[in-house]
Amino acid sequence: GWKGDDCGELNLLPMPAKPTLAYGQYPDQDGNGLASWGGSIWKDPENDKRWHLFVSEMTQGCGLDSWLRNSRIVHATSDDAMGPYKFEKEIIGFFAHEPTVVKVDEGYVMYKIGCADGAVTGSNGTGLVGPCTHCSNGTTFGDCPGTDQSYERACQDFLFAPTLDGPWERQNMSLATWNWTEANLGFESHAPVVLENGNILTFTRSWGSPAPLPNSAIWLATADSWNGSYHLVDSKLAAQPALNNGMEDTFMFRDAAGYLHALFHSWNNPYVGAHAFSRDGYNWTMADTAAFTLSTDVEGGSSITYVRRERPHLLLDDDLNPTHLLTAVTTDNGDLLDWSFTHVQAIAQ
């Protein structure tokens, strides 16, 4: 699954000569364009030929520029991990974003951001309440003002379901002792790991105003169970922030040897796929090489270079080996600059 001198680069296989959009639709003359922005893949535990994708989809025909208002989380399925994934149902309406699904003993937990209240919370002073509507064909036209960060504190919750097919129900997240001065966004850009003792370990980040640091700093957080009380790891146990390299979109996972890894979107183009690793979960080291870049090889010797490639998630097999990389990408697509789609690439074993 990995290659390079420090085993820090994903051994990605070339994409098919006619790449498939895992989730999304190309803009066309009939206005069928559909924009999406990454998600979380799981293989069906009862059906080896069924995969589940929980993905951020832009509503109202809009593109990525509308994400802070128009993003909703939907469930899609496919008979191939690469896709294409077919829409099944809406899980939670706009604004909701960054779905990450984690397996727990009782079922599945979906972490996300957003209030799912019709893009009302955070609209004060923005000149708009609700979603943006001046869109079509997966593209946003004109300005779509984002909501402010008040939704981060107002709506810290997750969803639980006994199976991947649901039913999904929202539950409040306990943040009674959360340090809002340091991790001012609460849970954001997170992808938790369930440890063998049931504890949760995850990264989150600080950003915007009032943030304690100028960069997008990565903080280590924990809870004694998925439905326990979440708090930052004590700075006596782990450096806080854990990493401060201008990164977001964390995805933490364990490998077959029990070591912890994390992928990030780094703002250091074109090496956008940052990789960190840890033996104990407290002390993290950045790999010297990027896990992935803006470019993907294509069968036959050509390549595709994307404008943006973010929101990395991995599909792991039963032995915790990575089999596929999921990212969210935009292309150099002329006037349709904010059309985006969800991309899946296989990893050599």
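Please report how far the C-alpha centroid of the range 278-349 lies from that of the range 86-146, rounded to the nearest whole angstrom. Using only Cα atoms, the two centres lie 23 Å from each other. Scanning the chain for cysteines with no neighbouring cysteine C-beta under 4.7 angstrom from their C-beta gives CYS7.
Sparsely packed loop sites in the range 215-314 (the trypsin sites (Lys or Arg not before Pro) outside DSSP H, G, I, E and B with at most 12 other Cβ atoms within 10 Å) comprise LYS236, ARG279. Each Cα pair under 8 Å and six or more residues apart adds its separation to the average, and for the range 202-264 the resulting relative contact order is 28 percent. Pairs of lysine residues in the range 39-186 that meet both criteria, 8 or more places apart or on different chains and Cα atoms under 20 Å apart, total 9. Couplings 3J(HN,Hα) for the range 242-256, derived from phi with the Karplus relation 6.51 cos²θ - 1.76 cosθ + 1.60 (θ = phi - 60°), are 5, 8, 9, 10, x, 10, 8, 6, 7, 9, 9, 7, 9, 9, 5 Hz, where x marks Gly and Pro.
Based on C-alpha pairs under 8 angstrom that are at least 6 apart in sequence, the range 232-349 has a relative contact order of 17 percent. Computed from the alpha carbon atoms alone, the convex hull of the range 14-63 holds 127 Å³ per residue.
The residues of the range 298-349 have, on average, 41 Å² of accessible surface per residue, using a 1.4 Å probe with all protein chains present. P(r) tail, the range 195-283: Cα-Cα pairs separated by more than 16 Å, 56% of all pairs. Comparing MET252, GLN345, TRP284 along the charge dipole axis of the range 233-349, the residue lying farthest to the positive side is TRP284, per the Cβ-charge model.
Once backbone amide H atoms are built at 1.01 Å from N, THR20 has no partners under 5 Å, excluding neighbours fewer than 5 places away on the same chain.
Using C-alpha pairs below 8 Å separated by at least 6 residues, the relative contact order for the range 1-68 is 21 percent.
Amide H contacts of ASP317 (H built 1.01 Å from N, in plane; Pro and chain starts excluded): THR323 sit under 5 Å, all sequence-distant by 5 or more or on other chains. Only aspartates and glutamates eight or more places from LYS18 in sequence, or on another chain, were considered; those with a Cα closer than 16 Å are ASP80, ASP297, GLU299.
A value for Cα extents along the principal axes in Å was derived from the coordinates, and within the list (1) 67, 49, 40; (2) 70, 66, 38; (3) 58, 51, 41 it appears as (3). For the range 229-335, with equal point scatterers placed on the C-alpha atoms only and solvent neglected, what are the log10 I(q)/I(0) values from the Debye formula at q = 0.18, 0.23 1/Å, to two decimals? Evaluating at q = 0.18, 0.23 Å⁻¹ gives log10 I(q)/I(0) of -0.97, -1.33.
The values are calculated or read from the model by the stated rules, or taken from the named source; none is laboratory data. If you're wondering where the values come from, they're calculated on a predicted model, not measured in any experiment. Cβ sites come from the backbone with ideal geometry, for glycine too, and all protein chains shown count toward neighbours. To get the accessible areas, we keep the full protein, side chains included, count just its heavy atoms, and leave off ligands, DNA and RNA. Shrake-Rupley method; radii C 1.70, N 1.55, O 1.52, S 1.80 Å.
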